[in-house]
1. Restricting region 227-279 to residues that are under 13 Å from the mean Cα position of the chain (by Cα) and on the phi > 0 side of the Ramachandran plot, which is farthest from the ligand (Cβ to nearest atom)?
2. Look through 48, 21, 53 and report the one residue that is open to solvent by 20 Å² or more (accessible area, probe 1.4 Å) and not in a helix (DSSP H, G or I).
3. Return a yes/no flag: does region 201-211 have any residue that is touching a residue at least 24 places away in the same chain (Cβ under 8 Å) and within 14 Å of the ligand (Cβ to nearest atom).
4. Out of curiosity, is residue 472 surrounded by fewer than 13 Cβ atoms within 10 Å (Cβ to Cβ) and outside any loop (DSSP other than H, G, I, E, B)?
5. Give me the pairs: first residue in region 373-391 and over 23 Å from residue 440 (Cα atoms) and in contact (Cβ under 8 Å) with a residue 24 or more places away in the chain, second residue among the polar types (S, T, N, Q) and in a helix (DSSP H, G or I), beta-carbon distance under 9 Å, and six or more apart or on different chains, which are they?
6. Take the residues of region 315-334 that are of a type outside the set (Lys, Arg), open to solvent by 30 Å² or more (accessible area, probe 1.4 Å) and under 24 Å from residue 162 (Cβ atoms): which is modelled with the highest pLDDT?
7. For region 154-206, please list each of the strands (runs of 3 or more DSSP E) lying entirely inside it that holds at least 3 residues being of a type outside the set (Val, Ile, Thr).
8. Looking for whichever is open to solvent by 40 Å² or more (accessible area, probe 1.4 Å) and under 24 Å from residue 252 (Cα atoms) here; the options are 548, 539, 532. Which one fits?
Amino acid sequence: MARPILLAVDDDISVLEAVVQDLRRQYGQTYRVMRAGSGQAALDTLEQLKTRQEPVALLLSDQRMPGMTGVDFLEKAIEFYPEARRVLLTAYADTEVAIRAINTARIHYYLTKPWDPPEEKLYPVLSDLLEDWKAGYRPPFEGLRVIGHRWSLRDHQVRNFLSQNHVPYRWLDVAGNDEAVKLLTDSQLDADKLPVVLFADGAALVDPDLEELAARVGLRVKAEQEFYDLLVVGAGPAGLAAAVYGASEGLRTLVIEPDAPGGQAGSSSKIENYLGFPSGVTGADLGRRAHVQATRFGAEFLTQRATGLRIDGQYRFVQLADGREVSGHVVVLAPGVQYRKLDIPGAERLAGRGIYYGAALVEAVACKDEEVFVVGGANSAGQAALHFAKFARKVTMVVRGDGLSATMSKYLIDEIEKTSNIVVVSRTQVVEADGEERLVKVKMKGPQGEFEVPASSLFVFIGAAPGTGWLPNSILRDDKGFLLAGPDLKLEGKLPESWREQREPYLLESSVPGVFVAGDVRHGSVKRVASAVGEGSIAVQFVHQYLAGF
Ligand SMILES: Cc1cc2nc3c(=O)[nH]c(=O)nc-3n(C[C@H](O)[C@H](O)[C@H](O)COP(=O)(O)OP(=O)(O)OC[C@H]3O[C@@H](n4cnc5c(N)ncnc54)[C@H](O)[C@@H]3O)c2cc1C
């Protein structure tokens with residue numbers, strides 16, 4: 001594979017030379033470093049590279065250049081290489097410019113001059129950005145292939161699982177695709193039994209369950225140790241924070257998570273309000289970074305779903321979907337919430353066949369040049385609509401309320417208003433979904449009464465509910481299933497009778513001592529990434545206090 005390119009742009013030749021030298025010194029082995037003396041020259045270079053299909057990973061541009069500013073160049077460069085990381089070099093006084101750059105050129109970072117020493121001021125930032133780029137980059141394909149039907153739930157689940165776990169694959173829709181049919185015939189596989197996952201060595205998995213697939217692509221499904229100090233259920237922001245703090249403070253930590261780390265945040269195309277990321281961060285990147293961080297501190301991750309919790313004296317056992325059990329002293333429950341399903345005729349049958357819940361960003365490419373519908377008016381729906389608008393011909397947001405202002409953050413509303421292919425239809429609800437093999441049309445009800453529209457993809461973001469049914473009754477919850485912890489365990493000032501300890505429960509402790517609760521699943525929690533991260537971190541402090549009482 002050709003080495004991906006880092007392109008430096010500056011009209012000041014001596015500065016350009018210095019940047020290029022610094023880039024070569026650190027990245028020369030893996031990347032090809034190129035230069036351009038102006039914005040226009042850089043755009044010409046990008047055009048040629050694009051024609052030759054060469055990968056570009058990073059654009060590092062000075063701001064103050066005659067003819068075309070760095071922001072203008074980076075904005076135009078999006079057309080050629082939307083995925084390349086865009087970094088602006090500004091003088092210290094150019095913060096205003098940098099903010100404008102975030103909004104218009106969607107830059108990923110701005111660096112201030114001078115950047116000496118590069119080991120401190122340049123490389124850490126660029127290495128991080130290049131890691132992010134690599135995680136999303138799909139080199140010309142040599143590995144795993146998934147052959148299936150676009151309108152099959154199982155196919156959707158397999159692709160979603162691989163994408164979320166950053167396993168590169170190529171998807172072949174069997175409908176009208178000669179290559180897919182030939183591959184199936186060559187491998188003597190039945191076209192009626194899909195999806196099929198084909199590996200580079202010729203091996204195939206037919207309609208695999210996700211654990212089988214996880215094991216085959218090298219994800220861990222069996223715990224390495226007999227016993228842990230801390231078992232964390234869920235690797236969303238709350239669970240990941242508990243894992244980072246737990247492992248970094250010396251606790252033997254095991255995280256149980258059936259999907260890729262990142263949780264609901266992983267399904268968000270861009271989180272723009274998380275502290276320290278002025279240009280926003282995709283949920284998947286945040287999850288991947290936290291996963292690396294926790295692993296570096298020694299936390300272990302299992303690709304498994306927790307299906308039960310058993311308490312035996314001072315030991316806690318988490319039961320897993322494959323029938324195994326893992327044991328530890330303390331459990332942090334951070335399983336978040338799951339998307340609420342549409343309760344209308346046809347919705348259940350067509351789930352995964354045109355109706356998708358939440359983490360369906362993987363479908364975006366398949367919707368290229370089509371019209372898609374997004375149901376819901378909160379931030380999650382807004383982020384999804386903006387994401388789909390990059391691929392789809394038209395995105396129609398179906399909103400039950402009068403508009404978006406009561407339910408969505410202003411920065412998202414502004415973005416939606418600026419995006420010409422998003423239309424918001426308010427005071428309207430989807431009341432029926434229709435189609436045999438796949439979604440074909442939906443019936444809606446608006447101020448003018450009921451009407452039908454053809455629809456092939458409907459993405460639903462209508463709130464979420466906790467999936468806590470698998471926990472024993474001894475873990476108390478509210479009437480919606482959210483888990484009670486700390487002071488919320490008291491009813492009219494009294495702790496439940498089942499609480500036998502001499503002490504009060506710790507702030508995030510559930511009704512069972514040594515079982516803590518963090519994040520969205522907790523009764524009364526603030527549904528934000530930052531608060532989930534905060535609770536996961538704080539829970540570890542109480543874990544220490546609990547363990548100190550042994
Ligand atoms: C599309 C979208 C956009 C959002 N945008 C923003 C935003 O811009 N800013 C912001 O602050 N917040 C945003 N949020 C909210 C934010 O993502 C959540 O508040 C946050 O993710 C909650 O973290 P959590 O760890 O508590 O739960 P989750 O993120 O829900 O993670 C829980 C994890 O537990 C796993 N799990 C569930 N059950 C089990 C089980 N039985 N066994 C093992 N694992 C299990 C799940 O697979 C999941 O990975 C957004 C949410 C969505 C859906």
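The values are calculated or read from the model by the stated rules, or taken from the named source; none is laboratory data. All values derive from a computational prediction rather than experimental measurement. With ideal geometry, Cβ positions are generated from the backbone for all residues, glycine too; neighbour counts draw on all protein chains shown. These area figures cover heavy atoms from the full protein model, side chains too; ligands, DNA and RNA do not enter into them. Shrake-Rupley method; radii C 1.70, N 1.55, O 1.52, S 1.80 Å.
1. Taking the candidates together, the pick is 262.
2. That would be 53, the only listed residue that is open to solvent by 20 Å² or more (accessible area, probe 1.4 Å) and not in a helix (DSSP H, G or I).
3. Yes: region 201-211 contains one or more residues that are touching a residue at least 24 places away in the same chain (Cβ under 8 Å) and within 14 Å of the ligand (Cβ to nearest atom).
4. Against the criterion (surrounded by fewer than 13 Cβ atoms within 10 Å (Cβ to Cβ) and outside any loop (DSSP other than H, G, I, E, B)), residue 472 does not qualify.
5. Final answer for the pair search is 380/264.
6. 321
7. Ranges flagged: 169-173.
8. 548
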